[in-house]
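In what follows, a single structure is set out as structure tokens and then discussed.
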Amino acid sequence: MPPAKKLKITALAGGVGASKLLLGLYEVMDPGLLTIIVNTGDDIALHGLKISPDLDIVTYTLAGVVDSAKGWGIRGETFHALKRLAGYGRANWFNLGDRDLATHIHRTGMLAEGKTLSQAADSIRTALRVKSRILPMSDDPIPTMIDSNEGSLHFQEYLVKRRTEPVVRGIRFAGAESARPAPGVLEAIRDADRVIICPSNPLISIGPILAVPGIREQLRTHKEKVFAVCPIVGGKSLKGPSDKMLVQLGLKPAALGVAKLYADFTSIFVIDPADKSQSAAISALGMKVVILPTVMKTRAQKRKLARALLSLSPSSAL
Ligand code: FO1
């Protein structure tokens with residue numbers, strides 16, 4: 001096995017929560033050996049443009065241009081175009097900044113020219129000098145739909161327009177059955193020394209990736225090298241509405257609840273010291289439990305968790 005810094009890592013990621021750990025990994029390892037498979041269930045078409053929030057959040061974070069206070073969008077952004085769009089009577093509930101719009105125009109232009117989402121994602125990350133490969137989970141559209149007491153809502157309508165107020169009754173990944181993993185996704189899982197499931201929402205960030213036919217099976221095949229970092233600490237989500245959604249769907253907002261969702265394809269489950277009382281119950285699911293501080297507020301905390309993950313050996317899970 002190569003030394004920790006030379007390991008090939010493949011990460012499964014949503015947006016803001018995942019990006020904290022990804023930044024840590026990017027800074028402590030050779031970023032050229034990092035491949036990130038990103039959720040595209042959050043993608044939405046607005047103003048005729050294809051918006052891929054999680055791909056952009058990951059790319060902007062690793063490029064060092066993200067608005068780190070919000071976790072999405074570009075630092076120092078202006079919103080002149082959005083104001084003009086609102087002046088034309090267009091919806092302005094999704095805050096698209098002027099510079100961010102250039103990304104969406106470029107991506108939409110590439111798709112209109114017959115290129116794939118993977119090619120657009122690669123063009124954007126290369127232009128922003130991000131050294132890691134960033135792959136969408138699929139080139140096929142798989143919008144995450146929230147069935148709620150207000151009817152069926154696109155995930156961004158639920159999250160941003162309705163501020164997670166509707167009560168969630170179910171989650172669907174529309175079109176997943178006939179979608180294919182994007183080029184390189186299955187190979188990136190097969191060829192990695194470690195696969196890291198980032199601390200992202202298990203239902204609406206990692207869930208859509210697992211719903212793409214072939215991905216969950218590939219993870220199961222390589223279970224011995226799959227490590228997951230739990231996104232719930234002390235019963236609360238590290239980021240976003242996971243805890244509330246889990247409760248509304250009748251699941252427990254606890255590390256153990258997430259562990260149950262991942263047990264078939266994960267060998268090491270990383271939990272925060274706050275949840276160590278759940279260790280035995282998680283181990284009983286057949287995973288090795290590793291306790292590490294997973295709350296990442298500072299750059300030092302992001303790097304520390306990344307280093308600790310790289311030093312875990314798959315063999316210790318067997
Ligand atoms: N999140 C918000 O809460 N409000 C917004 O207006 C918003 C705009 C936005 C624009 C571009 C982009 O890439 C992301 C944006 N996000 C916004 C974040 C995004 O909705 C979610 O955080 C992710 O989809 C969940 O990972």
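Quick note: the coordinates plus some simple rules give every number you see, no bench work behind them. Just so we're clear, the structure is a prediction, and the values are computed from it rather than from any experiment. With ideal geometry, Cβ positions are generated from the backbone for all residues, glycine too; neighbour counts draw on all protein chains shown.
Just so you know, in segment 22-40 the residues that are in a loop (DSSP other than H, G, I, E, B) and within 16 Å of the ligand (Cβ to nearest atom) include one that is farthest from Leu7 (Cα to Cα), and it is Thr40. For segment 125-154, the set of residues classified as away from the ligand (no atom under 16 Å from the Cβ), in contact with a Gly (Cβ under 6 Å, 6 or more places away or on another chain) and under 26 Å from Ser237 (Cα atoms) consists of Leu135, Asp147, listed by residue number. Residues of segment 260-286 that are under 25 Å from Leu7 (Cα atoms) and touching a residue at least 40 places away in the same chain (Cβ under 8 Å): Tyr262, Asp264, Phe265, Thr266, Ser267, Ile268, Phe269, Val270, Ile271, Asp272.
Just need a number here: residues in segment 143-189 that are part of a strand (DSSP E or B) and farther than 28 Å from Ala91 by Cα. So that I can check it myself, show each step before the final result.
Residues of segment 143-189 that are part of a strand (DSSP E or B), as a first pass: 144-148, 151-154, 168-173, 181.
Right, trim to farther than 28 Å from Ala91 by Cα and you get 181.
The number of residues fulfilling the criteria is 1.
In segment 270-312, the qualifying residues are those that are exposed (fewer than 13 other Cβ atoms within 10 Å of the Cβ) and of a type in the set (S, T, N, Q), and the one that is farthest from the chain's Cα centre (by Cα) is Ser277.
Any residue at all in segment 100-115 that's farther than 25 Å from Arg303 by Cα, within 9 Å of the ligand (Cβ to nearest atom) and not polar (S, T, N, Q)?
Filtering segment 100-115 down to residues farther than 25 Å from Arg303 by Cα leaves 100-115.
When the remaining residues are screened for being within 9 Å of the ligand (Cβ to nearest atom), the result is 100, 103-104.
Filter once more, so that each one left must be not polar (S, T, N, Q): 100, 104.
Yes, there is a match, as at least one residue in segment 100-115 is farther than 25 Å from Arg303 by Cα, within 9 Å of the ligand (Cβ to nearest atom) and not polar (S, T, N, Q).
Applying a threshold of 9 Å to beta carbon distances and a minimum spacing of six or more residues, or different chains, the list of pairs starting in segment 201-220 at a residue that is touching a residue at least 24 places away in the same chain (Cβ under 8 Å) and ending at one that is of a type in the set (Asp, Glu) and surrounded by 19 or more Cβ atoms within 10 Å (Cβ to Cβ) reads Ile204/Asp42; Ser205/Asp42; Ser205/Asp54; Pro208/Asp42.
So, in segment 54-96, exactly how many residues are under 22 Å from Ile134 (Cα atoms) and not in a helix (DSSP H, G or I)? Walk me through it before giving the result.
The first filter runs over segment 54-96 and keeps only residues under 22 Å from Ile134 (Cα atoms), leaving 54-68, 70-75, 96.
If we keep only those that are not in a helix (DSSP H, G or I) too, we end up with 64-68, 70-75, 96.
The number of residues fulfilling the criteria is 12.
Among residues of segment 197-242 being of a type in the set (D, E, K, R) and under 21 Å from Thr40 (Cα atoms), the one that is nearest to the ligand (Cβ to nearest atom) is Lys239. Scanning segment 155-192 for residues that are surrounded by 14 or more Cβ atoms within 10 Å (Cβ to Cβ), within 16 Å of the ligand (Cβ to nearest atom) and at positive phi turns up just one, Thr164. Working only within segment 30-48, note down all residues that are crowded, with 21+ Cβ neighbours inside 10 Å and either over 22 Å from Ala176 (Cβ atoms) or among the polar types (S, T, N, Q) (or both). Those that are crowded, with 21+ Cβ neighbours inside 10 Å and either over 22 Å from Ala176 (Cβ atoms) or among the polar types (S, T, N, Q) (or both): Leu34, Thr35, Asn39, Thr40.
Pairing residues of segment 288-302 that are closer than 20 Å to Phe265 by Cα with residues that are surrounded by 14 or more Cβ atoms within 10 Å (Cβ to Cβ) and among the small types (Gly, Ala, Ser), at Cβ distances under 6 Å and at least 6 apart in sequence or on separate chains, gives Lys288/Ala317; Val289/Ser279.
Look through Leu34, Leu25, Leu55 and report the one residue that is in contact (Cβ under 8 Å) with a residue 60 or more places away in the chain, within 17 Å of the chain's Cα centre (by Cα) and closer than 27 Å to Thr164 by Cβ.
Leu55
Test Gly87 against the criterion of being surrounded by fewer than 17 Cβ atoms within 10 Å (Cβ to Cβ), more than 22 Å from the chain's Cα centre (by Cα) and within 16 Å of the ligand (Cβ to nearest atom), and give yes or no. Write out each step before concluding.
Values: surrounded by fewer than 17 Cβ atoms within 10 Å (Cβ to Cβ): yes; more than 22 Å from the chain's Cα centre (by Cα): yes; within 16 Å of the ligand (Cβ to nearest atom): no.
Considered against the rule, which asks whether it is surrounded by fewer than 17 Cβ atoms within 10 Å (Cβ to Cβ), more than 22 Å from the chain's Cα centre (by Cα) and within 16 Å of the ligand (Cβ to nearest atom), Gly87 comes out as no.
Taking the conditions exactly as written (without any contact (Cβ under 8 Å) to a residue 60 or more places away in the chain, within 27 Å of Arg172 (Cα to Cα) and not aliphatic (A, V, I, L, M)), does Gly14 satisfy them or not? No; evaluated as a whole, the condition is false for this residue.
Going by what's in this entry, would Lys70 be described as closer than 30 Å to Glu187 by Cβ, within 12 Å of the ligand (Cβ to nearest atom) and of a type in the set (Lys, Arg)? Answer is no for this residue.
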